[in-house]
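S.K.: Structure provided below as structure tokens; questions to follow.
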Amino acid sequence: MAFSYWEREGLLGRVDHVVVGAGIVGMSCALALRERLPGATIRVIDRSALGDGGTTRNAGFACFGSPSELFEDLEALGKDAFLELVERRWSGLQRLKQRLGEDGIGFQPTGSWEIFTGLEGVKSSARVSRCLGALNLLLEPVLGPDVFRPAPEAARAWLAVDAVHSPLEGIIDTAKMVRSFWRLLDEAGIERVNGLEVTGFEEGCNGKGVRISTPHGSLDAGQAWICTNAMATELLDDLGKVLLVKPSPNRVLVTEKLSSLPMEGAFHSERGYIYYRTVDGRILIGGGRHWGHDKDWVYSSDGKQALSIMVWDNQLIDFISDRLGYKPTIEHRWMGWIGVGKKRMPLIGSASDRIHYAVRLGGMGVAIGMEVGVSLVEHGLGAKM
Ligand SMILES: Cc1cc2nc3c(=O)[nH]c(=O)nc-3n(C[C@H](O)[C@H](O)[C@H](O)COP(=O)(O)OP(=O)(O)OC[C@H]3O[C@@H](n4cnc5c(N)ncnc54)[C@H](O)[C@@H]3O)c2cc1C
């Protein structure tokens, strides 16, 4: 349905900046634009009612990586880029806490544990134990001394082979975080429009600026900031900017309230591909991307997806049943999308002078997301914030 005159001219008239995607990155970008440009008109557009990416659907880990995940990053990136990535995750978390407040994100400094299980766990715990001292030394300039220490008590609690603890990570309440973002956007006079899909961009047809296409008509802006994460290629490939971002589904289950929990906190396993945490007397468990079900989601029919979901859920349930010693009832299940690539480094850049992007936030976007939003504005407008 075409926009009405009132919608086109009054509600969706030209603004200085349009941010596409109301996830952590898009909302942080809009807030950073407001800090830099107090008088500018800014609008955030999202195609879904609440956001259909990771921001409202994540597991609420405030994390920078478990030892075996960090070893993978180190191998993939090399020492300098690895330290830069950890530093950005860590400073993103600090920014999030400062800007939204610890209460505003429901932060609990529970610490976190990497839990090693099964035969694979025996091998990887041996490898991690051998290199833990070296990893702590490497991370010391960024995170301080002795970030990780052996935690046999956690291994016992979760019926596992071994465990390693970090006191620095924690958990958040994702809903509180999103609400706090919405409050800050409203206070900063930033418009929010939901349920409007952006389908393309055209430059130069409205004097100077960008014309933004939607299924209902076009909107004009001075500059556009694309923060659509996993779905980035839908928009950026059309601009001749072929990015290596693959949407990858992530599954989350939440148990019923349990009569007791072995421990409270945040737990990673199988190189971070499985994660679980406590929430309101329940266990939330998610991940399992390494089992390969994401292939069915991108390329196959609904029938195959349904089968794949059943197998996927059962694998997650088996994992947590083994940790608890019994099979819990699952009360909530959902899917969300992350943007992945060969490396776990977000992509920040420009398709032109007026169209900028920050995308490919993998599984730790809660941590690094605000830092990426601010870096995008620094990239687009120049100068550090
Ligand atoms: C199940 C799951 C669990 C996770 N758990 C954690 C965790 O515990 N800790 C952690 O640090 N990270 C976690 N993550 C990752 C984290 O949530 C993401 O990295 C982060 O939210 C990404 O933020 P974003 O703003 O880049 O993108 P998103 O939150 O994905 O937002 C992108 C937005 O763009 C919108 N959009 C897309 N295309 C268009 C278009 N054409 N027009 C208009 N709007 C569009 C989408 O609707 C979406 O709202 C998890 C992710 C998932 C899926």
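S.K.: Going through LEU50, LEU37, LEU100 one at a time, which residue ends up being hydrophobic (A, V, I, L, M, F, W, C) and crowded, with 19+ Cβ neighbours inside 10 Å?
M.R.: Result: LEU100 is the single residue among LEU50, LEU37, LEU100 that is hydrophobic (A, V, I, L, M, F, W, C) and crowded, with 19+ Cβ neighbours inside 10 Å.
S.K.: Taking the range 85-97, which residues are open to solvent by 20 Å² or more (accessible area, probe 1.4 Å) and of a type in the set (Gly, Ala, Ser)?
M.R.: SER91
S.K.: Would you check if LYS257 is in contact with a strand residue (DSSP E or B) (Cβ under 8 Å, 6 or more places away or on another chain), in contact (Cβ under 8 Å) with a residue 12 or more places away in the chain and over 22 Å from HIS332 (Cβ atoms)?
M.R.: Criteria not met by LYS257.
S.K.: Assuming ARG271 fulfils every condition listed in (1) outside any loop (DSSP other than H, G, I, E, B); (2) assigned by TED's automatic domain parsing to the domain that holds VAL359; (3) open to solvent by 60 Å² or more (accessible area, probe 1.4 Å) apart from one, which condition is it?
M.R.: (2)
S.K.: Can I ask one more? Across the range 197-213, which residue is farthest from LEU11 (Cα to Cα) among those that are open to solvent by 10 Å² or more (accessible area, probe 1.4 Å), in contact (Cβ under 8 Å) with a residue 40 or more places away in the chain and within 12 Å of the ligand (Cβ to nearest atom)?
M.R.: Step by step, filter the range 197-213, then rank; the result is PHE201.
S.K.: Just checking, how many residues over the range 55-83 are open to solvent by 30 Å² or more (accessible area, probe 1.4 Å), of a type outside the set (Val, Ile, Thr) and within 12 Å of the ligand (Cβ to nearest atom)?
M.R.: 2
S.K.: Something else about it: Checking GLU140 against (1) acidic (Asp, Glu); (2) over 12 Å from VAL164 (Cα atoms); (3) in contact (Cβ under 8 Å) with a residue 24 or more places away in the chain, which single condition isn't satisfied?
M.R.: With respect to (1) acidic (Asp, Glu); (2) over 12 Å from VAL164 (Cα atoms); (3) in contact (Cβ under 8 Å) with a residue 24 or more places away in the chain, GLU140 is out only on (3).
S.K.: Could you list all residues from the range 5-34 that are of a type outside the set (Gly, Ala, Ser) and open to solvent by 20 Å² or more (accessible area, probe 1.4 Å)?
M.R.: The answer is TYR5, TRP6, GLU7, ARG8, GLU9, LEU11, ARG14, ASP16, ARG34.
S.K.: Of (1) in contact (Cβ under 8 Å) with a residue 12 or more places away in the chain; (2) assigned to a loop (DSSP other than H, G, I, E, B), ARG251 satisfies all except one. Which?
M.R.: (2)
S.K.: Here is a follow-up. Can you run down the residue pairs with Cβ atoms below 7 Å, 6 or more apart or on separate chains, where the first is in the range 374-385 and free of Cβ contacts under 8 Å to residues at least 40 places away in the same chain and the partner is surrounded by 10 or more Cβ atoms within 10 Å (Cβ to Cβ) and assigned to a helix (DSSP H, G or I)?
M.R.: LYS384/GLU378
S.K.: Considering the range 325-353 alone, what residues qualify as being more than 16 Å from the ligand (Cβ to nearest atom) and open to solvent by 80 Å² or more (accessible area, probe 1.4 Å)?
M.R.: Answer for the range 325-353, where residues must be more than 16 Å from the ligand (Cβ to nearest atom) and open to solvent by 80 Å² or more (accessible area, probe 1.4 Å): TYR326, LYS327, GLU331, LYS342, ASP353.
S.K.: Of everything in the range 23-51, what is over 18 Å from GLY369 (Cα atoms) and part of a helix (DSSP H, G or I)? Give them in sequence order.
M.R.: ARG36
The values are calculated or read from the model by the stated rules, or taken from the named source; none is laboratory data. This is a predicted model, so every value here is computed, not measured. Methodologically, a virtual Cβ is constructed for each residue, glycine included, from the backbone with ideal geometry; neighbour enumeration extends over all protein chains shown. Accessible surface is based on the protein model in full, side chains and every heavy atom, while ligands, DNA and RNA are left aside. Shrake-Rupley method; radii C 1.70, N 1.55, O 1.52, S 1.80 Å.
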